[in-house]
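What follows is one structure encoded as structure tokens, with my remarks underneath.
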Amino acid sequence: MNESRSYKWTGAGGPFTLAVDEGVFTPSSTSRVLGDAMQVREGDTVLDAGCGCGVLSFAAARLGAARVIGCDVSPAAVECATKNARELGLSDITEFRCGSLFEPVQDIRADIVIADVSGIPDVIAKTTGWFPDGHGGGPTGAELPVAMLDGLADHIAPGGHAYLPTGSIQDESRVLQAARQVFGDGMQAVATRDFPLPETITRARDVARLLSDGVIRLTRRGSRFFWRLTIWRCSPS
Ligand SMILES: C[S@@+](CC[C@H](N)C(=O)[O-])C[C@H]1O[C@@H](n2cnc3c(N)ncnc32)[C@H](O)[C@@H]1O
């Protein structure tokens with residue numbers, strides 16, 4: 001049986017309640033910080049890459065977007081987001097498509113692209129349980145975001161921009177290097193937040209190796225370790 005949990009979004013465009021079906025990513029602190037950093041203008045077209053249950057699509061719709069297209073590699077996520085759109089009465093504005101990266105949205109150029117595909121190392125995804133399918137963004141967490149950055153600019157309409165989350169919990173320098181190749185100086189950090197990483201995770205052997213190899217970076221405060229999230233507003237030059 002497909003189990004579904006109820007999730008209340010109190011961030012930008014909220015409050016609203018969503019179903020998060022089994023196997024679908026539950027909105028996280030990153031979703032919240034990204035949602036609150038988004039500036040959506042009345043009438044914008046928004047592309048939500050890695051939409052999960054659709055939370056940021058619905059936030060964008062409630063903030064005034066005229067059209068929102070979400071996409072995700074997970075059929076369960078696309079089905080869940082489509083169902084949530086119906087429940088929220090947003091089916092006329094939102095649409096969800098299944099496929100990897102920008103493959104299902106070749107026809108879309110948007111004023112805002114939410115570029116939030118999985119981006120933490122697979123081993124952290126497995127250890128934390130944050131990702132229901134156990135897959136993160138590749139061995140260092142940079143592989144999937146870097147692949148996404150390759151096609152991103154083609155989906156931004158003239159005058160538009162993308163919101164890209166990066167974190168010290170992934171090989172962030174590699175993601176930023178790829179992003180700078182695409183956007184040059186058109187990158188602005190619009191939100192930064194530190195989050196604690198549970199000790200059980202920092203002590204896991206494979207995570208400790210990523211740390212000692214300098215792939216991920218954590219800051220120690222007393223006995224606690226924190227990772228840093230940054231949201232970038234990226235405009236093609
Ligand atoms: C960090 S979650 C974010 C979900 C949603 N934006 C949110 O805030 O709740 C990343 C999403 O990227 C999706 N994803 C992973 N690999 C993908 C790929 N190759 N193409 C598109 N989406 C992908 C996952 O299924 C997941 O729903």
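The values are calculated or read from the model by the stated rules, or taken from the named source; none is laboratory data. Worth saying up front: this structure is predicted, and the values here are computed from it rather than measured. Note that each Cβ is placed from the backbone with ideal geometry, even for glycine, and that neighbours are counted across all protein chains shown. Keep in mind that these areas ignore ligands, DNA and RNA; they rest on the heavy atoms of the full protein, side chains included. Shrake-Rupley method; radii C 1.70, N 1.55, O 1.52, S 1.80 Å.
Brief remarks on what is shown
- Simple label model, 7 Å out from Cα along Cβ direction - residue 235 to residue 29, nm: 3.0 nm
- Pairwise centroid distance, computed over Cα atoms, of region 131-190 with region 63-89, Å: 22 Å
- Centroid-to-centroid separation of region 91-118 and region 204-232 [C-alpha atoms, Å]: 31 Å
- Theoretical gain in end-to-end length, residue 200 to residue 86 [0.36 nm per residue, Cα-Cα removed]: 37.1 nm
- Of the residues 145, 158, 104, the one that moves most in a GNM of the chain with alpha-carbon contacts below 10 Å is 158.
- For 227, 130, 9, the ranking by accessible surface with the largest value first comes to 130, 227, 9, using a 1.4 Å probe.
- Within region 62-87: backbone nitrogen closer than 15 Å to the residue 22 label point (7 Å, Cα to C-beta): 76-77, 80
- Positive-pole candidate from 125, 14, 211, dipole of the chain, charges at beta carbon: 211
- Shown are 95, 22, whose ranking by accessible area with a 1.4 Å probe and every protein chain present, most to least, is 22, 95.
- Rounded to the nearest 5, the antiparallel percentage of DSSP beta bridges internal to region 4-234 is 60%.
- Two-site label geometry, residue 4 and residue 173: point separation in nm, points 7 Å out along Cα→Cβ: 4.6 nm
- Computed accessible area, residue 187, all protein chains, 1.4 angstrom probe, square angstrom: 30 Å²
- Contour minus Cα-Cα distance for residue 190 and residue 212 (0.36 nm per residue): 5.0 nm
- Over the residues of the chain, the helix contribution to mean residue ellipticity at 222 nm works out to -8500 deg cm²/dmol, using -39500 (n - 2.57) for each DSSP H run of at least 4.
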